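To start, the structure itself, in structure tokens.
The values are calculated or read from the model by the stated rules, or taken from the named source; none is laboratory data. All of these numbers come straight from a predicted model, not from anything done at the bench. Positions of Cβ are generated from backbone atoms using ideal geometry, with glycine treated the same way; all protein chains shown enter the neighbour counts.
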């Protein structure tokens, strides 16, 4: 069930706003992982490759943390995670 913003209280609106920001952050983290991976494929310097591989691991931690936060704020999304995972 969806509600218009007029039917929501301040707390519900705040959660929706937080979810929007977290999902935008998740998109950014996933894009960063893809970009670093593309760079790794084209880099010739092994030290740079190793550094980007470490950065990708951190980005993946960020993805997991953002997914946890989204899961905690959105019960419908939480149910979908449970169905799939």
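Worth a mention:
- Look at (1) under 24 Å from residue 18 (Cα atoms); (2) without any contact (Cβ under 8 Å) to a residue 24 or more places away in the chain; (3) surrounded by 14 or more Cβ atoms within 10 Å (Cβ to Cβ) and you find that residue 67 fails only one, number (2).
- Residue 42 meets each of the listed conditions (1) surrounded by 12 or more Cβ atoms within 10 Å (Cβ to Cβ); (2) out of contact with any helix residue (DSSP H, G or I) (no Cβ under 8 Å at 6 or more places or on another chain) apart from (1).
- Residues within the stretch 70-85 that are over 25 Å from residue 11 (Cα atoms) and surrounded by 14 or more Cβ atoms within 10 Å (Cβ to Cβ), tallied: 0
- Of the residues making up the stretch 44-57, not a single one is within 25 Å of residue 82 (Cα to Cα) and under 13 Å from the mean Cα position of the chain (by Cα).
- Against the test of being out of contact with any strand residue (DSSP E or B) (no Cβ under 9 Å at 6 or more places or on another chain), modelled with pLDDT of 95 or more and more than 11 Å from residue 29 (Cβ to Cβ), the options 85, 66, 52 yield a single qualifying residue, 52.
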